[in-house]
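Step one of this worksheet: look at the structure below.
The values are calculated or read from the model by the stated rules, or taken from the named source; none is laboratory data. Bear in mind that the values here come from a model prediction, so they are computed numbers and not experimental data. Here Cβ is always computed from backbone atoms with ideal geometry, including for glycine, and neighbour counts include all displayed protein chains.
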Ligand SMILES: Cc1cc2nc3c(=O)[nH]c(=O)nc-3n(C[C@H](O)[C@H](O)[C@H](O)COP(=O)(O)OP(=O)(O)OC[C@H]3O[C@@H](n4cnc5c(N)ncnc54)[C@H](O)[C@@H]3O)c2cc1C
Ligand code: FES
Ligand code: FES
């Protein structure tokens, strides 16, 4: 690891100032992605700005018709939260299957979505449930947050503080985990809010995306049978040593049906 | 830059000035001589370095020592009973041949202790899923699963 300075301010405004003043400073949340990256010398930040001392960012609370999850809430906290389990059990279940217990005890929702790994699980939930990402300065719609491979709408120095998930009559995630890492080779989140059905796919492309044809079929009839015969176009899907594009397209179909039943 | 940190390790207070890039695993092994915490990979995947941070299992190679400031750290050296009696989970690993070379064992035992406290049941599938963060290159896991079930039962009864 290259050397760096370390700051852990308790005020969010100090965090934003440090990150804005130096574009080579990096925010540190659970460290489960950032620290392995530093160990491999894939990044060389001048300083790490630790978010863990800012109060209130771990809270998970019911709010209006939904739940607000603080950016520093760990995957384990979301998985075990009574509020999330009562309102969106599918979201708690998603969190319970990220990585392994040690990763879940440290990794955070804010870090996961800011990192925008194409194989991360949370992006599918944010897009399918039409979540709203709150930062130190504004609200960003889930649909606009993920802009590409490891790319988000966050500006220099912008810090995610919480994510609001509206409740849903149906919300379920199914993934095909990579047997070694548990990241999604493909993962599908199906949500129904009123008459609106969203099917969000992660792991299969460079970034999370919606499967329009499946949404149309499910809007007409919300049943796994409605998807029989529907195959995702594999053009532009990921192909790697784990699975080629055609295989990923196939498992997305299987997972979408599992996420309904 | 060096940063002053104060934490508790196996019940004893520790104060140090550390380089921010020092990993918790390096603090434990190189500075405190607690070499029971093993380092088996560079990719945060093997779990040999698992310790408890404020009661929850974490990979000490994927955490900076400065992040443990103010925390309570428990390592494999800190779990035995008074006068060195093996912890029930350690005893179960010995009894059920849950180890061969022993490299993964400290991390397995620390992970298994958390599993014993938190798992809703001790079915084989629950145990295997609960140990997903710990890799073993020797045993094939069969006896580890047996050991963890027995150790967890002993912990729950004791
Ligand atoms: C072995 C292993 C298995 C894993 N398996 C999975 C898996 O199955 N599914 C999955 O989805 N993930 C998986 N992960 C990733 C894990 O979920 C990470 O915790 C997560 O991607 C990053 O969260 P973090 O809190 O650790 O962030 P960090 O590593 O601290 O930060 C990651 C990035 O996000 C930025 N950042 C952090 N917080 C914020 C914020 N609030 N606002 C703005 N930027 C921020 C940081 O600057 C950094 O660039 C795995 C990781 C490991 C090590
Ligand atoms: S040494 Fe920490 S996970 Fe392998
Ligand atoms: S006993 Fe050798 S690695 Fe597990």
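A few comments on the model shown:
- Of the helices (runs of 4 or more DSSP H) lying entirely inside the stretch B:76-158, the ones with 1 or more residues being modelled with pLDDT of 95 or more, crowded, with 19+ Cβ neighbours inside 10 Å and within 16 Å of ligand 1 (Cβ to nearest atom) are found at B:105-118, B:124-130.
- Conditions (1) away from chain B (no Cβ under 14 Å); (2) crowded, with 24+ Cβ neighbours inside 10 Å; number of the one not met by residue A:192: (2)
- Residue A:218 vs. criteria in contact with a helix residue (DSSP H, G or I) (Cβ under 8 Å, 6 or more places away or on another chain) and either in contact (Cβ under 8 Å) with a residue 60 or more places away in the chain or part of a helix (DSSP H, G or I) (or both): yes
- Any hit, the stretch B:50-58, residues being within 13 Å of chain A (Cβ to nearest Cβ) and either assigned to a loop (DSSP other than H, G, I, E, B) or farther than 18 Å from residue B:117 by Cβ (or both): yes
- Within the stretch A:27-57, tally of residues that are within 30 Å of residue A:191 (Cα to Cα) and away from chain B (no Cβ under 13 Å): 2
- Residues (buried (at least 18 other Cβ atoms within 10 Å of the Cβ) and touching a residue at least 24 places away in the same chain (Cβ under 8 Å)) located in the stretch A:29-46: A:29, A:30, A:31, A:32, A:33, A:34, A:38, A:45
- Checklist (1) in a helix (DSSP H, G or I); (2) touching a strand residue (DSSP E or B) at 6+ places or on another chain (Cβ under 8 Å); (3) more than 7 Å from chain A (Cβ to nearest Cβ) applied to residue B:66, failing item: (3)
- Only one entry in A:131, A:120 is under 16 Å from residue A:206 (Cα atoms) and either within 16 Å of ligand 3 (Cβ to nearest atom) or outside the structural domain of residue A:207 (by TED's automatic domain parsing) (or both), namely A:120.
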